[in-house]
There are 2 protein chains.
Amino acid sequence: MAPSIRLSALGVAAALALLPPNARAQNPVGRYRDVADSLIHAATRDSAAYRRLGLLVDTFGHRLSGSRSLEAALDWILVEMKKDGLDHVRGEPAMVPHWVRGDESAVLVQPRRAPLRMLGLGGSVATPAAGITAPVLVVTSFDDLERRGTAARGRIVLFDVPFTEYSKTVAYRVKGPSAAARAGAVACLIRSVAASSIRSPHTGVLRYDSTAARIPAAALSVEDAMMLHRFQDRGQPVRVTLWMNARLLPDSPSRNAVAEVIGRERPDEVVVLGGHIDSWDVGQGAMDDGGGSVAAWEAVRLIKQLGLRPRRTVRAVLWTNEENGGRGAEAYRDAHSAQLDRHVLAMESDNGAFSPQGFRFIGSDSALAIMRQVAALLAPIGADSVEQADESPEADIAPLVDAGVPGAGLAVDDTRYFWYHHSDGDTLDKLDPADLGRCVAAFAVMAYVIADLPDQLPRALAAGSSRAR
Amino acid sequence: MAPSIRLSALGVAAALALLPPNARAQNPVGRYRDVADSLIHAATRDSAAYRRLGLLVDTFGHRLSGSRSLEAALDWILVEMKKDGLDHVRGEPAMVPHWVRGDESAVLVQPRRAPLRMLGLGGSVATPAAGITAPVLVVTSFDDLERRGTAARGRIVLFDVPFTEYSKTVAYRVKGPSAAARAGAVACLIRSVAASSIRSPHTGVLRYDSTAARIPAAALSVEDAMMLHRFQDRGQPVRVTLWMNARLLPDSPSRNAVAEVIGRERPDEVVVLGGHIDSWDVGQGAMDDGGGSVAAWEAVRLIKQLGLRPRRTVRAVLWTNEENGGRGAEAYRDAHSAQLDRHVLAMESDNGAFSPQGFRFIGSDSALAIMRQVAALLAPIGADSVEQADESPEADIAPLVDAGVPGAGLAVDDTRYFWYHHSDGDTLDKLDPADLGRCVAAFAVMAYVIADLPDQLPRALAAGSSRAR
């Protein structure tokens, strides 16, 4: 079908060029109705994006920073991007942390002997070679830990905190280990930060506080954390052996994968869109964030394939090392520091490429109004909502937002996102081909139109002032 | 609170005795309104049943036939039943199959090397010590396997069959291994029979056909089965190494745990209610079927605790070996073969002790009408539905139903049952204390009233004729 598609796409471009100048000026966004429909049609007519994502995650599996699978995936992506005919395809270098999980286990040894389902937290130090066997103190919050006074000394502290909102519950994964260490604990366990569980542990990064001892830390499955809590509630002493031989190796070279459609009038002005290509070392990293990465890549590929060439450059970036460092995002900002004022818009999808609803946007009010006009073109696929965000809606675009670049996150129906997040269940089947196609469409239309509008998306008066704190 | 409860219960019993004989005769079920409300209140006022279930499953874990944990759980149950003051507490012997999983693994070796998440099927033979490494043929149905002709020869056949209804999909677990063997396969994999997955394998029993070679068989996680299928769809050869050292040991002694409230007028007529106390060797066997077992046990305990003594005997039976043999159910039938005509009703809960909706019943039309009258007493907890079944609604009562005993299964909201079924996720937290209390109430009211009605629940004319085929 490729030849006929190309012809019809050229037809669209030709029709746009033939519009009388007045019509365009009076309705700067409305004139994109036909091209938007073409992009939506191209993105949703088949399962090309899903097939590409499947090939990526089945071939390379998960892709932790520092791993061979991440670099092999990046090699393949760069080759494919060139095959797509995209411009300026390159890997932009970034040095990334290289944490290796190694072998690990947690075993209940009192009141009975039973294996526990666990995953070490990313960045955790190892236990001694014999493991750590200690009594467990289960607490339900930071306050609860504090109230217990010296009770945590010499113990393994388990934070058994039910999932409410990710932003709240994740605090125990990130800060729990150091809080436990300050209370005198010898190791830290957390209840997995997960909204559903089939005894599945869910990993993620921890952050050691420089003022506390670095103690080993792991996530237990929700089920195991609840069981240990019940033992404690019954007054039964609980002992666990935690064994981990995780290592932090020297930083390792990686890359952001970058590909463009060069702008026809103002090639140095850029709309950036992407996802992160690294993942945790479990599952396939399909939902987090293979899907977002492929959605952005495919959006740019479709703009190219339809023969469209917007006024400004459209650039797909598959950031490296979002999960445990954010080094790809920093490297992008640093490599492009001289052009940040010509970054018109930065977009990312990192909540799973589920059914898209629109965007969460941070920027000036006038920019928000234009984003909403453009999103209206996505009404046919139900992705026309634009909500205002009070901080960068996604992690990899945060350094750009901090530098004053308007930022947008793809908003999706993420009902099930935290069922599979950072677990072995983050696999291709959790995403739907039609949903992914609509994500591609949403990205493609927003990127193309913002890149093509006569005027640059208005910024706030001063860099950084667009980000409410 | 125990003393005041006992007084109020005695008050109910006294009030019933004081009813004029005419009132009882005119409305044989309606007169049980007060006693039903007392049982409902007692079963739902606290979390006693849930605490008992938690203590059972946390203390002993899963309980496969032949395991020490099953027998230790039975020892404890019999002690607790005596402490409850129940009558005729005993373990009735049954010899059960003793299959031991041992160690096992499945590893993808082509097109890339990656561990697969698997659980051997119950009853599977072992692989040779070096495992079986062979190309994989993915098929989608028995018909598909047949259409492939000789393609399965020397291969590992994977049935990748999506879950629809358990009764349909489970055929691939039970009969798949022999079907694959007849086609020349060297081993069989199935996609887990599960309605949800976080890369969780779900085990269960297989049945070797005597006309086919016995080949090793295991369930892969849904995610892994789908990935292997995608490789095949792309034309990529798939090879897997399956390694299992499962063993079938000589039959092992076990018991059905039995406890009663002896009937005051016709002690040799019996209402039996129960669940199965054995489980698969994963998770905690809390949903399947610790909850049903405890619901029946607690129902009989509450009848006793409230000082109620129905006309006939009410008997809780916690059957052994439902999962991989049904020997407990057969042993019960055989041990009581002389009294089966005095078994008034046999009930079981084995779909998870979720929110109860009523009963599925097999028996005569006149018995069905009475069951519905009694179930109406459960309207306050929404468990008043009685639907007609065309075969025994549960496995452990099937030998009794075959002998002509009216049979009822507790009907529950089992929406999530097959998310956790036969997996490591079958743990206490999947059940809700209030739901379990309502299951106890439904069992207690139905058992008490059917045991107390002046007339025995009418049977069909001939033994066996009540079971439509």
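Here are a few things to note about the model shown:
- Options B:Arg438, B:Arg416; residue that is among the charged types (D, E, K, R), surrounded by 22 or more Cβ atoms within 10 Å (Cβ to Cβ) and assigned by TED's automatic domain parsing to the domain that holds B:Val272: B:Arg438
Yes/no per residue for (1) within 14 Å of chain B (Cβ to nearest Cβ); (2) crowded, with 17+ Cβ neighbours inside 10 Å; (3) more than 35 Å from the chain's Cα centre (by Cα); (4) of a type in the set (Val, Ile, Thr):
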{"site": "A:Arg117", "(1), (2), (3), (4)": "yes, yes, no, no"}
{"site": "A:Leu121", "(1), (2), (3), (4)": "no, yes, no, no"}
{"site": "A:Ser124", "(1), (2), (3), (4)": "no, yes, no, no"}
{"site": "A:Thr127", "(1), (2), (3), (4)": "no, yes, no, yes"}
{"site": "A:Gly131", "(1), (2), (3), (4)": "no, yes, no, no"}
{"site": "A:Thr140", "(1), (2), (3), (4)": "no, no, no, yes"}
{"site": "A:Asp143", "(1), (2), (3), (4)": "no, no, no, no"}
{"site": "A:Arg153", "(1), (2), (3), (4)": "no, no, yes, no"}
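- For the range A:457-469, the tally of residues that are surrounded by 19 or more Cβ atoms within 10 Å (Cβ to Cβ) and either out of contact with any Lys or Arg (no Cβ under 9 Å at 6 or more places or on another chain) or at pLDDT 95 or above (or both) stands at 3.
- B:Gly290 away from chain A (no Cβ under 13 Å), surrounded by fewer than 24 Cβ atoms within 10 Å (Cβ to Cβ), of a type outside the set (A, V, I, L, M, F, W, C) and over 20 Å from B:Gly176 (Cβ atoms): no
- Whether a residue is modelled with pLDDT of 95 or more, farther than 21 Å from B:Ala353 by Cα, assigned by TED's automatic domain parsing to the domain that holds B:Leu158 and touching a Pro at 6+ places or on another chain (Cβ under 7 Å) was assessed, and B:Pro115 does not pass this test.
- Unmet requirement for A:Gly149, which otherwise passes all of (1) at positive phi; (2) touching a strand residue (DSSP E or B) at 6+ places or on another chain (Cβ under 6 Å): (2)
- Residue that is surrounded by the fewest Cβ atoms within 10 Å (Cβ to Cβ), among those in the range B:441-456 that are farther than 29 Å from A:Met226 by Cα and among the hydrophobic types (A, V, I, L, M, F, W, C): B:Leu453
- Listed by position, the helices (runs of 4 or more DSSP H) inside the range A:12-99 whose residues that are surrounded by fewer than 20 Cβ atoms within 10 Å (Cβ to Cβ) and either at pLDDT 95 or above or acidic (Asp, Glu) (or both) number at least 2 are A:33-44, A:48-60, A:68-83.
- The condition of being at positive phi and in contact with a Ser or Thr (Cβ under 7 Å, 6 or more places away or on another chain) holds for only one of B:Gly66, B:Gly102, that being B:Gly66.
- For A:Ser254: the one exception among (1) of a type in the set (S, T, N, Q); (2) closer than 25 Å to A:Leu86 by Cα; (3) under 15 Å from the mean Cα position of the chain (by Cα): (3)
- Scanning the range A:202-231 for residues being hydrophobic (A, V, I, L, M, F, W, C) and part of a helix (DSSP H, G or I) gives a total of 6.
- Residue selected from the range A:341-373 under the condition among the hydroxyl-bearing types (Ser, Thr, Tyr) and under 30 Å from A:Leu428 (Cα atoms), by the criterion surrounded by the fewest Cβ atoms within 10 Å (Cβ to Cβ): A:Ser355
- Condition check for A:Ala295: touching a Phe, Trp or Tyr at 6+ places or on another chain (Cβ under 7 Å), of a type in the set (A, V, I, L, M), in a helix (DSSP H, G or I) and modelled with pLDDT of 95 or more: yes
- The residue that is nearest to the other protein chains (Cβ to nearest Cβ), among those in the range A:177-188 that are within 23 Å of A:Val100 (Cβ to Cβ) and surrounded by fewer than 24 Cβ atoms within 10 Å (Cβ to Cβ), is A:Val186.
- The set of residues from the range A:189-208 being within 14 Å of chain B (Cβ to nearest Cβ) and not aliphatic (A, V, I, L, M) comprises A:Arg191, A:Ser192, A:Ser196, A:Ser197, A:Arg199, A:Ser200, A:Pro201, A:His202, A:Thr203.
- Test for A:Asp288: is it closer than 27 Å to B:Ile198 by Cα and at pLDDT 95 or above: yes
- Subset of the range B:174-197 (residues that are under 17 Å from B:Ala106 (Cα atoms) and in a helix (DSSP H, G or I)): B:Pro177
- Out of B:Ala403, B:Ala376, B:Ala335, B:Ala346, one residue alone is out of contact with any Phe, Trp or Tyr (no Cβ under 9 Å at 6 or more places or on another chain) and either more than 18 Å from B:Ile450 (Cβ to Cβ) or outside the structural domain of B:Val294 (by TED's automatic domain parsing) (or both). It is B:Ala335.
- For the range A:209-235, the tally of residues that are more than 10 Å from chain B (Cβ to nearest Cβ) and out of contact with any strand residue (DSSP E or B) (no Cβ under 9 Å at 6 or more places or on another chain) stands at 7.
- Matching entry among A:Leu410, A:Leu428, A:Leu436 (being aliphatic (A, V, I, L, M) and within 13 Å of chain B (Cβ to nearest Cβ)): A:Leu428
The values are calculated or read from the model by the stated rules, or taken from the named source; none is laboratory data. The shown structure was predicted, so the numbers you read here are calculated from the model rather than taken from an experiment. Here Cβ is always computed from backbone atoms with ideal geometry, including for glycine, and neighbour counts include all displayed protein chains.
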